[in-house]
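Here is the structure we will look at.
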Amino acid sequence: NFIDNCSAWKKYHHPDAFSYDLPKIRLAPITGAIENIGYGDEEQFYYDIIDGAAAAGFLLSVGDGFPDAKLQGGLAALQKTGKTAAVFIKPYPNERIFERIDWARAHAESIGIDIDSYNIVTMRNLVHLEQKNAQQLKEIRRYAQKPFAIKGIFLPEDIELVKEVKPDIVVISNHGGRIETRRGSTADFLAAYAQQLCNYTDELWVDGGLRTAQDL
(Lines give C-alpha, C1' and ligand atoms only; values in the text may rest on other atoms or scores of the structure.)
Protein backbone atom coordinates (compact mmCIF):
# COMPACT_ATOMS: atom_id res chain seq x y z
CA ASN A 1 0.00 0.00 0.00
CA PHE A 2 2.90 2.39 0.56
CA ILE A 3 4.02 1.76 -3.03
CA ASP A 4 0.42 2.20 -4.27
CA ASN A 5 0.13 5.46 -2.32
CA CYS A 6 3.20 6.90 -4.01
CA SER A 7 2.40 5.76 -7.55
CA ALA A 8 -1.36 6.43 -7.68
CA TRP A 9 -1.14 10.23 -7.63
CA LYS A 10 0.39 10.16 -11.11
CA LYS A 11 -2.96 8.99 -12.50
CA TYR A 12 -4.47 12.30 -11.41
CA HIS A 13 -1.74 14.71 -12.48
CA HIS A 14 -3.14 17.64 -14.43
CA PRO A 15 -1.21 19.05 -17.41
CA ASP A 16 -1.64 22.57 -16.03
CA ALA A 17 -0.65 21.61 -12.47
CA PHE A 18 1.68 24.55 -11.96
CA SER A 19 -0.96 27.12 -12.87
CA TYR A 20 -2.87 26.30 -9.68
CA ASP A 21 -2.15 27.46 -6.15
CA LEU A 22 -0.87 24.61 -4.02
CA PRO A 23 -3.22 23.44 -1.26
CA LYS A 24 -2.29 23.86 2.37
CA ILE A 25 0.51 21.51 3.35
CA ARG A 26 0.59 20.09 6.86
CA LEU A 27 3.34 18.17 8.62
CA ALA A 28 2.22 14.61 9.27
CA PRO A 29 1.89 13.47 12.93
CA ILE A 30 5.20 11.59 12.95
CA THR A 31 6.47 9.82 16.07
CA GLY A 32 9.03 7.12 16.77
CA ALA A 33 12.03 9.09 15.53
CA ILE A 34 14.58 6.54 16.67
CA GLU A 35 12.93 3.33 15.44
CA ASN A 36 11.13 4.76 12.39
CA ILE A 37 13.52 7.42 11.11
CA GLY A 38 16.95 6.63 12.57
CA TYR A 39 17.16 9.92 14.45
CA GLY A 40 19.63 9.94 17.30
CA ASP A 41 17.47 11.61 19.94
CA GLU A 42 13.70 11.36 20.24
CA GLU A 43 13.11 14.60 22.12
CA GLN A 44 15.34 16.68 19.86
CA PHE A 45 13.60 15.29 16.76
CA TYR A 46 10.25 16.83 17.67
CA TYR A 47 11.77 20.25 18.16
CA ASP A 48 13.80 20.04 14.93
CA ILE A 49 10.95 18.88 12.70
CA ILE A 50 8.38 21.28 14.15
CA ASP A 51 10.79 24.22 13.98
CA GLY A 52 11.80 23.36 10.41
CA ALA A 53 8.26 22.74 9.16
CA ALA A 54 7.02 25.98 10.70
CA ALA A 55 9.89 27.90 9.10
CA ALA A 56 8.90 26.42 5.73
CA GLY A 57 5.36 27.70 6.18
CA PHE A 58 3.72 24.33 6.79
CA LEU A 59 0.82 23.81 9.14
CA LEU A 60 1.71 21.45 11.97
CA SER A 61 0.61 18.16 13.48
CA VAL A 62 1.75 16.23 16.53
CA GLY A 63 1.31 12.49 16.89
CA ASP A 64 0.91 10.04 19.74
CA GLY A 65 2.82 6.88 20.50
CA PHE A 66 4.28 4.51 23.07
CA PRO A 67 5.74 5.40 25.49
CA ASP A 68 3.90 8.57 26.53
CA ALA A 69 7.11 10.58 26.07
CA LYS A 70 6.44 10.63 22.31
CA LEU A 71 3.27 12.70 22.62
CA GLN A 72 4.73 14.73 25.46
CA GLY A 73 7.86 15.44 23.39
CA GLY A 74 5.81 16.82 20.53
CA LEU A 75 3.77 18.98 22.89
CA ALA A 76 6.94 20.26 24.57
CA ALA A 77 8.30 21.25 21.16
CA LEU A 78 5.10 23.19 20.44
CA GLN A 79 5.43 25.00 23.75
CA LYS A 80 9.09 25.79 23.08
CA THR A 81 8.39 27.17 19.60
CA GLY A 82 5.14 28.91 20.57
CA LYS A 83 3.19 27.00 17.92
CA THR A 84 -0.13 25.16 17.83
CA ALA A 85 -0.92 22.01 15.87
CA ALA A 86 -3.47 19.39 15.03
CA VAL A 87 -2.94 16.76 17.72
CA PHE A 88 -3.70 13.14 16.80
CA ILE A 89 -4.22 10.63 19.60
CA LYS A 90 -4.12 6.84 19.38
CA PRO A 91 -7.42 4.99 20.03
CA TYR A 92 -6.83 4.12 23.67
CA PRO A 93 -9.82 3.54 25.95
CA ASN A 94 -11.63 6.85 26.26
CA GLU A 95 -10.54 7.65 29.81
CA ARG A 96 -6.92 7.54 28.72
CA ILE A 97 -7.74 9.66 25.65
CA PHE A 98 -9.34 12.28 27.92
CA GLU A 99 -6.09 12.44 29.92
CA ARG A 100 -4.11 13.01 26.72
CA ILE A 101 -6.53 15.71 25.56
CA ASP A 102 -5.88 17.50 28.85
CA TRP A 103 -2.13 17.38 28.14
CA ALA A 104 -2.65 18.73 24.63
CA ARG A 105 -5.44 21.26 25.05
CA ALA A 106 -3.28 24.38 25.40
CA HIS A 107 -1.33 23.60 22.19
CA ALA A 108 -4.04 22.02 20.03
CA GLU A 109 -5.87 23.81 17.25
CA SER A 110 -7.77 20.56 16.69
CA ILE A 111 -7.96 17.10 18.28
CA GLY A 112 -8.05 13.95 16.19
CA ILE A 113 -8.32 10.23 16.79
CA ASP A 114 -6.11 7.98 14.68
CA ILE A 115 -8.84 5.32 14.37
CA ASP A 116 -6.91 2.89 12.17
CA SER A 117 -3.82 2.71 14.39
CA TYR A 118 -5.31 -0.01 16.60
CA ASN A 119 -4.20 -2.15 13.67
CA ILE A 120 -0.48 -1.23 13.74
CA VAL A 121 1.43 -4.48 14.18
CA THR A 122 4.39 -2.85 15.95
CA MET A 123 2.11 -1.52 18.73
CA ARG A 124 -0.05 -4.61 19.10
CA ASN A 125 1.67 -6.04 22.17
CA LEU A 126 2.73 -2.76 23.75
CA VAL A 127 -0.49 -0.93 24.59
CA HIS A 128 -4.23 -1.50 24.63
CA LEU A 129 -5.77 0.15 21.57
CA GLU A 130 -9.32 -0.44 20.42
CA GLN A 131 -11.53 -0.08 17.38
CA LYS A 132 -13.73 2.94 18.06
CA ASN A 133 -17.46 3.12 17.41
CA ALA A 134 -19.49 6.24 16.72
CA GLN A 135 -20.69 6.64 20.31
CA GLN A 136 -17.14 6.56 21.69
CA LEU A 137 -15.99 9.12 19.13
CA LYS A 138 -18.89 11.42 19.98
CA GLU A 139 -17.88 11.24 23.66
CA ILE A 140 -14.32 12.24 22.75
CA ARG A 141 -15.57 15.11 20.61
CA ARG A 142 -17.68 16.47 23.47
CA TYR A 143 -14.73 16.27 25.86
CA ALA A 144 -12.25 17.84 23.45
CA GLN A 145 -14.22 21.05 22.87
CA LYS A 146 -11.98 21.66 19.84
CA PRO A 147 -12.48 21.02 16.12
CA PHE A 148 -12.57 17.23 15.95
CA ALA A 149 -10.88 15.02 13.36
CA ILE A 150 -11.21 11.36 12.47
CA LYS A 151 -8.01 10.12 10.83
CA GLY A 152 -7.71 6.77 9.09
CA ILE A 153 -10.73 6.80 6.78
CA PHE A 154 -9.88 4.28 4.07
CA LEU A 155 -12.67 1.73 3.76
CA PRO A 156 -16.15 2.24 2.27
CA GLU A 157 -17.69 1.19 5.58
CA ASP A 158 -15.77 4.01 7.31
CA ILE A 159 -18.09 6.43 5.53
CA GLU A 160 -20.98 5.26 7.73
CA LEU A 161 -18.91 6.17 10.79
CA VAL A 162 -18.25 9.64 9.36
CA LYS A 163 -21.93 10.04 8.50
CA GLU A 164 -22.94 9.31 12.09
CA VAL A 165 -20.25 11.34 13.89
CA LYS A 166 -20.03 14.27 11.41
CA PRO A 167 -16.52 15.33 12.49
CA ASP A 168 -15.16 18.75 11.66
CA ILE A 169 -12.28 17.14 9.76
CA VAL A 170 -11.91 13.82 7.95
CA VAL A 171 -8.42 12.55 7.13
CA ILE A 172 -8.24 9.94 4.37
CA SER A 173 -5.26 7.80 5.39
CA ASN A 174 -4.02 4.24 5.47
CA HIS A 175 -1.25 5.15 7.88
CA GLY A 176 1.31 5.34 5.10
CA GLY A 177 0.56 1.75 4.12
CA ARG A 178 1.76 0.52 7.54
CA ILE A 179 -1.42 -1.17 8.73
CA GLU A 180 -3.25 -4.34 7.81
CA THR A 181 -6.09 -3.20 5.60
CA ARG A 182 -7.42 -3.67 2.10
CA ARG A 183 -5.20 -3.12 -0.90
CA GLY A 184 -5.34 0.36 -2.37
CA SER A 185 -4.12 3.95 -2.34
CA THR A 186 -5.34 7.08 -0.60
CA ALA A 187 -5.43 8.88 -3.98
CA ASP A 188 -7.90 6.37 -5.41
CA PHE A 189 -10.01 6.47 -2.26
CA LEU A 190 -10.09 10.26 -2.41
CA ALA A 191 -11.17 10.18 -6.06
CA ALA A 192 -13.92 7.67 -5.35
CA TYR A 193 -15.37 9.05 -2.11
CA ALA A 194 -14.41 12.72 -1.64
CA GLN A 195 -17.72 14.08 -2.90
CA GLN A 196 -19.69 11.79 -0.61
CA LEU A 197 -17.54 12.49 2.43
CA CYS A 198 -17.85 16.25 1.99
CA ASN A 199 -21.55 15.91 2.81
CA TYR A 200 -20.61 14.98 6.39
CA THR A 201 -17.57 17.11 7.27
CA ASP A 202 -16.29 20.67 6.95
CA GLU A 203 -12.76 19.80 5.86
CA LEU A 204 -11.28 16.84 3.99
CA TRP A 205 -7.57 16.08 4.33
CA VAL A 206 -5.52 13.32 2.72
CA ASP A 207 -2.06 11.85 3.27
CA GLY A 208 0.04 9.05 1.86
CA GLY A 209 2.61 9.11 -0.93
CA LEU A 210 2.55 12.82 -1.70
CA ARG A 211 6.05 13.48 -3.01
CA THR A 212 5.98 16.12 -5.78
CA ALA A 213 4.36 19.44 -6.65
CA GLN A 214 2.35 17.63 -9.34
CA ASP A 215 0.97 15.29 -6.67
CA LEU A 216 -0.22 18.29 -4.68
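Can you tell me which residue among Gly176, Gly208, Gly184 is closer than 19 Å to Leu60 by Cβ and part of a loop (DSSP other than H, G, I, E, B)? First the steps, then the outcome.
On the way: Gly176 fails: part of a loop (DSSP other than H, G, I, E, B); Gly184 fails: closer than 19 Å to Leu60 by Cβ.
Testing whether each residue is closer than 19 Å to Leu60 by Cβ and part of a loop (DSSP other than H, G, I, E, B) leaves just Gly208.
In this entry, Gln79 is excluded by the filter for residues that are assigned to a loop (DSSP other than H, G, I, E, B) and exposed (fewer than 14 other Cβ atoms within 10 Å of the Cβ).
Could you please find all residues in region 40-58 being assigned to a loop (DSSP other than H, G, I, E, B) and open to solvent by 70 Å² or more (accessible area, probe 1.4 Å)? Across region 40-58, the qualifying residues are Gly40, Asp41, Phe58. Residues of region 139-157 that are in contact with a helix residue (DSSP H, G or I) (Cβ under 8 Å, 6 or more places away or on another chain) and either open to solvent by less than 60 Å² (accessible area, probe 1.4 Å) or within 22 Å of Val206 (Cβ to Cβ) (or both): Ile140, Arg141, Ala144, Lys146, Phe148, Ile150, Lys151, Gly152, Ile153, Phe154, Pro156. Taken over region 1-29, the criterion of being under 18 Å from Thr186 (Cα atoms) and not in a helix (DSSP H, G or I) is satisfied by Asn1, His13, His14, Pro23, Lys24, Ile25, Arg26, Leu27, Ala28, Pro29. Checking each residue in region 102-133 for being open to solvent by 10 Å² or more (accessible area, probe 1.4 Å) and assigned to a helix (DSSP H, G or I) picks out Asp102, Trp103, Arg105, Ala106, His107, Ile115, Asp116, Tyr118, Asn119, Val121, Thr122, Met123.
Taking region 158-182, which residues are among the charged types (D, E, K, R), more than 20 Å from Glu109 (Cα to Cα) and out of contact with any helix residue (DSSP H, G or I) (no Cβ under 6 Å at 6 or more places or on another chain)? Listed by number, the residues that qualify are Asp158, Glu160, Lys163, Arg178, Arg182.
One residue stands out in region 175-205 among those that are of a type outside the set (D, E, K, R), at pLDDT 95 or above and farther than 18 Å from Lys11 by Cβ: the one that is least open to solvent (accessible area, probe 1.4 Å), namely Leu197. For region 72-80, the criterion of a residue being out of contact with any Ser or Thr (no Cβ under 7 Å at 6 or more places or on another chain) and at positive phi is satisfied by no position. Selection within region 1-39: residues that are under 22 Å from Ala56 (Cβ atoms) and aliphatic (A, V, I, L, M). The member of this set that is surrounded by the fewest Cβ atoms within 10 Å (Cβ to Cβ) is Leu22.
The values are calculated or read from the model by the stated rules, or taken from the named source; none is laboratory data. This one's a predicted model, so the numbers in the text were calculated from it and none came from an experiment. Virtual Cβ from ideal backbone geometry, glycine too; neighbours counted across all protein chains shown. Side chains are part of the model used for accessible areas, which takes the heavy atoms of the whole protein and leaves out ligands, DNA and RNA. Shrake-Rupley method; radii C 1.70, N 1.55, O 1.52, S 1.80 Å.
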